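One structure is given here, and the rest of the page talks about it.
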Amino acid sequence: QVQLVESGGGLVQAGDSLRLTCAASGRTFSRYAMGWFRQAPGKEREFVGAISWSTGTRLYADSVKGRFTISRDNAKNTVYLQMNSLKPEDTAVYYCAATDGILTKTRDEYNYWGQGTQVTVSS
C-alpha cells in the first residue's frame, strides 16, 4: 500500500504561481511512477502530468505544457507540481496518484490516490 497526501493548494489570482506537494508513505516510493490529475466541478478527472520512477521522464497534458513542471525527490518520498502562469480554467481539485506500472496518462492505470487539494484561480 502507498498513502498519498497532497498539500499546497489555495486561492490565487490569474498569473500567479503555486507549488503542490504530494507526500508518500508505505511501500517503496521510488518504484512508482507518479501522476497529477485534476477535477473541476461537473467534469471528469483529467490528466495533468506524470513522472517516471527512475529516469525522470515526464508527460504533460497539452493544456499545462510550458506552465507546469512535475518533479520528485525519492529521498524525501515526495513529488511536486510547480504551477506557473495560472489561469482561471486551472481551478480544480488536484490529486496525486501512484502506479506500479509504466508511466502513463491513463487515469485507470493508477493504483493509489490522495484525497486532493483545492486550487482556485480568480480572474
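GNM on the chain, C-alpha springs below 10 Å: top fluctuator among Leu11, Leu81, Leu59?
Fluctuation is largest for Leu11.
Keeping all protein chains in place, calculate the accessible area per residue for region 9-112 (probe 1.4 angstrom), answer in Å². Show your work: numbers first, answer last.
On the way: 5230 Å² over 104 residues.
The answer is 50 Å² per residue.
What length, rounded to one decimal in nm, is gained on full extension from Ser7 through to Glu46, with 0.36 nm per residue of separation minus their alpha-carbon distance?
Numbers: separation 39, 0.36 × 39 = 14.04 nm, distance 1.87 nm.
Here the answer is 12.2 nm.
In whole percent, how big is the carbon plus sulfur part of the accessible area of the chain, probe 1.4 Å, protein atoms only?
Of the solvent-accessible surface of the chain, carbon and sulfur hold 45 percent.
What is the distance, in nm, between label points placed 7 Å from the Cα along the Cα-to-Cβ direction at Asn111 and at Thr28?
1.2
Go through region 91-104 residue by residue and turn each phi into a ³J(HN,Hα) via Karplus (6.51, -1.76, 1.60, θ = phi - 60°); whole Hz please, and just put x for glycine and proline.
4, 4, 8, 9, 10, 9, 9, 10, 10, 8, x, 6, 4, 8
The values are calculated or read from the model by the stated rules, or taken from the named source; none is laboratory data. Because the structure is a prediction, the values reported are computed rather than measured. With ideal geometry, Cβ positions are generated from the backbone for all residues, glycine too; neighbour counts draw on all protein chains shown. With ligands, DNA and RNA removed, areas are computed over all heavy atoms of the protein, side chains included. Shrake-Rupley method; radii C 1.70, N 1.55, O 1.52, S 1.80 Å.
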